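Here's the structure we're looking at; comments come further down.
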Amino acid sequence: MTVPSKVIPINPVPGPLEDQEQALYEVRKKIYPRAVSGWFAKWRWALVFATQAVFYLSPWLTWNGRQAVLFDLGARKFYIFGVVFWPQDFIYLTVLLMIAAYSLFLFTTVAGRLWCGYACPQTVYTEIFLWIERKVEGDRVAQMRLDNSPLSVRKFGLKAVKHSAWIALAVWTGFTFVGYFTPIHELGREVLRFNLGPWETFWLLFYSFATYGNAGWLREQVCKYMCPYARFQGVMFDRDTLVIAYDEERGEPRGSRSKKVDPKAAGIGDCVDCEICVQVCPTGIDIRKGQQYECIGCTACIDGCDQVMDKMGYARGLIRYASLNGVSQHLGWKEMIRRVFRPRVMIYTAVLWAIIIAAGVSLYQRVPVKVDVIRDRTTLSREVEDGLIENVFRLQIMNTQEQTRYLKITATGIDGLTVTGIESPLKLEPASTRLFGVNLRAPGEKAQKGSNRIMFHIEAVDQQGRPAADDFSLHEKSIFFK
Ligand code: SF4
Ligand code: SF4
């Protein structure tokens, strides 16, 4: 039996080479990804729902009578449920970025572009926008027909409905995004009154426009030309990384055939050259040409090809999650999983866990009160009644929790050192900072001439001055001058 081959049209050369105009940039061909269903598509949609449920619902949750998740830049406080982060906690933001970076390294080394394929906002919003487009204009073929048809009332109507839906979703996304930085209920009221501040207006429009433009118009161009991650992912891959791989040995030589034909007897591979894998690809590539940086690992081609294999009665997995070594050396899943535990992966895992544990311990032991001791430079040292030497300090105390705190302040380092000029216990309002003067007095004969090392002790107490239930104490060094 002869293998049906495709006719590849060769464009006639329009004239002498020197007369031809060379474009500097490739003209974009619009991609119409075909809808696909299957095991991986279900996972992708599950993650779309999960990530979007978190994104759209979080700002509406309340905690302790305020917005549960709020990044209040004006007040320089970040609220995440019961925890309040202050500018002094900037280190945790650094740690969070380190965890995100190492997680990305780890997951990419193990299983390629998992982030791009399942959780990246560009992928997620493109998926949602594509779904709207299909609901309004129909699947791939219907969309192509509509785009190639002359302008009509129907075409105009469908385009208007689609863009209106896209814009509505984009604006709601922009509103939600700004709602993480401005209390969302207040923001909603201001929007309804057309009374938004300039920054809120700017960010709402900017984020809405970015969502509409990126997911509606630019789509795969963001991944191909704008996202730097697509470019440097290669350094994290090795031949044991699980990627979306086409089994060339099994699939080639490709060619269409009837279902009744035995491919082995016909001397052809399992690929029926239906191009479903290309049609479902949101970046428009042909995975059969091998690994390409444009592949975002969305697995749509796996689902598409598996359906074709099912129809033909062939085994699934002509395109599958596999390492390049796995495909070339015919490794089974057990062997590929065993190779996941290679030195590079173990190092990333160890570093990631070390950072997570250190951050967890630090957060757990985080003292809810922060203290700064500042010497009063105008009054270095003075003699007061009864031969006592007095130094004046300024204490800045910050209550990082959302409950009223009572503190007892003492000092040691010189026999008979006492704290005066301050209420005891000292009351601190929830999530507030207080700056106040403190006088330290020491007997003149006990303090040595010049500087004396002393220590401030700040202890948590209850309203009556007894040790607090969550007993903690802080100790700050300073100098007492005689
Ligand atoms: S080649 Fe497959 S996995 Fe890669 S982007 Fe295209 S459809 Fe997604
Ligand atoms: S979907 Fe599968 S069978 Fe069809 S062209 Fe792609 S690899 Fe070949």
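The values are calculated or read from the model by the stated rules, or taken from the named source; none is laboratory data. From a predicted model like this one, the values you see are computed outputs, not experimental measurements. Methodologically, a virtual Cβ is constructed for each residue, glycine included, from the backbone with ideal geometry; neighbour enumeration extends over all protein chains shown. For accessibility, only protein heavy atoms count, side chains too; no ligands or nucleic acids. Shrake-Rupley method; radii C 1.70, N 1.55, O 1.52, S 1.80 Å.
Some observations on this one:
- Cα centroid separation, the range 184-232 to the range 377-437: 48 Å.
- Entries of 159/224; 162/259; 135/224; 370/446 with Cα pairs more than 32 Å apart: 162/259
- Cα gyration tensor, the range 226-289 - rounded (a/c under 1.5), prolate or oblate: oblate
- Three-way shape label, the range 119-250, alpha-carbon gyration tensor, a/c 1.5: oblate
- A simple packing score, the average count of other Cβ atoms within 10 Å per residue, orders the peptides 130-137, 446-453 as 130-137, 446-453, with the highest score first.
- Whole-number percent relative contact order across the range 53-210, with pairs defined as alpha carbons under 8 Å at least 6 apart: 23 percent
- Rounded to the nearest 20 debye, the dipole size of the chain about its Cα centre is 860 debye, using +1 on the Cβ of Lys and Arg and -1 on the Cβ of Asp and Glu.
- Ranked by the mean number of other Cβ atoms within 10 Å of their residues, highest first, the peptides 356-368, 275-287 fall in the order 275-287, 356-368.
- By the rule of a second cysteine Cβ within less than 4.7 angstrom, the chain holds isolated cysteines at 116, 120, 223, 227, 271, 274, 281, 295, 298, 305.
- Structure-based [θ]222 nm, the chain - -39500 (n - 2.57) summed over DSSP H runs of at least 4, per residue, nearest 500: -11500 deg cm²/dmol
- Just the protein heavy atoms count here, and of the accessible area of the range 306-451 at 1.4 Å, carbon and sulfur take up 55 percent.
- With a Förster radius of 45 Å applied to the beta-carbon distance between residue 145 and residue 63, the computed FRET efficiency rounds to 0.30.
- Percentage relative contact order, the chain, counting C-alpha pairs under 8 Å, at least six apart: 14 percent
- Using the 1.4 Å probe convention, the accessible area of the chain works out to 57 Å² per residue with neighbouring protein chains retained.
- To put it simply, the accessible area of the range 16-173 at a 1.4 Å probe is 70 percent carbon and sulfur.
- Counted by Cβ distance under 12 Å from residue 223, the other residues give a net charge of +2, where Lys and Arg count +1 and Asp and Glu count -1.
- Since only 170, 83, 283 are under comparison, the one whose Cα sits farthest along the positive direction of the charge dipole of the chain, derived from C-beta charges on Lys, Arg, Asp and Glu, is 283.
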